[in-house]
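Visitor: Okay, handing you the structure first.
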Amino acid sequence: MAHSRAVCATLAVALLGSAGWGWWSGGRVAARFDATVVHVVDGDTVVVDIGGRTEKVRILGADTPETVDPRKPVQCYGPEASAHTKSRLSPGTRVSLETDAEARDKYGRLLAYVYIGGVRYDDELLRLGYARLLIIAPNGVYARVMLGAELEARAAGRGF
């Protein structure tokens, strides 16, 4: 019980901080464009083709357990999260990408929300328990909705 209170408190602080940052930075979406999935790296990273240019995309708001980082062992539930992303974002899948306040991370990856058929896939990862909410500041325009998706999974006992 104390653990779940601590988790809720941590998530609340993260949400309030990201919501505050969204207000401060204007909280606007920078760009939206279409892409085709080339391959899935892991549960929260995909490679896409955008008009003939290949981009590695870090799915915003969702953090899945590691499976490919050579510095870390494969984490619990990581293979399941990667398998789910591979099943939903198979090569050739048409997606829409939406950037937030900052388009790239320190590794040069494109930071984007991923849409399949007009539905944000990031939320699906959270709702099904394959991911935990991760706000990469200053991005966080959908933090409140995404937190709700994660809490729904936890309440239902889904995921890790």
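Please treat every number below as a calculation from the coordinates, not as lab data. Keep in mind the model is a prediction, meaning the values are calculated, not measured.
Visitor: For region 94-160, rounded, prolate or oblate, judged on the Cα gyration tensor with a ≥ b ≥ c (square roots of eigenvalues), a/c < 1.5 rounded, else prolate if a/b > b/c?
Guide: Prolate, since a/c reaches 1.5 and a/b exceeds b/c.
Visitor: Shifting gears a bit: Tell me whether region 18-160 comes out rounded, prolate or oblate; compute the Cα gyration tensor, take square roots of the eigenvalues as a ≥ b ≥ c, and use a/c under 1.5 as the rounded threshold. Let's see the in-between values first.
Guide: On the way: a/c = 1.45, a/b = 1.04, b/c = 1.39.
Rounded shape, in that the Cα axes give a/c under 1.5.
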